[in-house]
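What follows is calculated from the coordinates using simple rules that are stated; it is not laboratory data. Since we're looking at a predicted model, the values are computed, not measured. Here the Cβ positions follow ideal geometry from the backbone for every residue, glycine too, while neighbour counts run over all protein chains shown.
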Amino acid sequence: MVQYDAGGDPALAFDSRGHVYYAGLGFDRTAAPNTVAVNKGTFDGAGKLTWGPPAFINQTTSPSTANDKEWIAVDSNATTPSAITCT
């Protein structure tokens, strides 16, 4: 597993089922690697938030590739059938 010593540009989105999704950058301050990390959060009946493991998108060790300014959006319409399930 690649370890990142810094992160930034956090973004959140909520779906119609009460899940929260986090996207953020993971990087090393002095050199590659870098990535975009996405986590899914769920709330229990008492309102406690638990985060799932990150999915790393576009992980790279190339010094010429820098992930930057990620953003996240989810379909929050309660009547849209779910085509993709994130666990």
Measuring from the lowest to the highest alpha carbon on each principal axis, how far does the chain reach, largest first, in angstroms? 43, 27, 20
Percent RCO, i.e. relative contact order, over region 1-67, from Cα pairs under 8 Å lying at least 6 residues apart: 26 percent
What does the charge count around Asn34 come to, taking other residues whose C-beta lies under 15 Å from its C-beta (Lys +1, Arg +1, Asp -1, Glu -1)? -3
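Stretch Lys69-Asp5 to full length: gain in nm at 0.36 nm per residue minus the Cα-Cα span? Before the final figure, lay out the partial values.
Working: separation 64, 0.36 × 64 = 23.04 nm, distance 1.79 nm.
Gain in length upon complete extension: 21.2 nm.
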Could you give the nm distance between label points at Asn58 and His19, where each point is 7 Å from its Cα heading toward the beta carbon? 2.2 nm
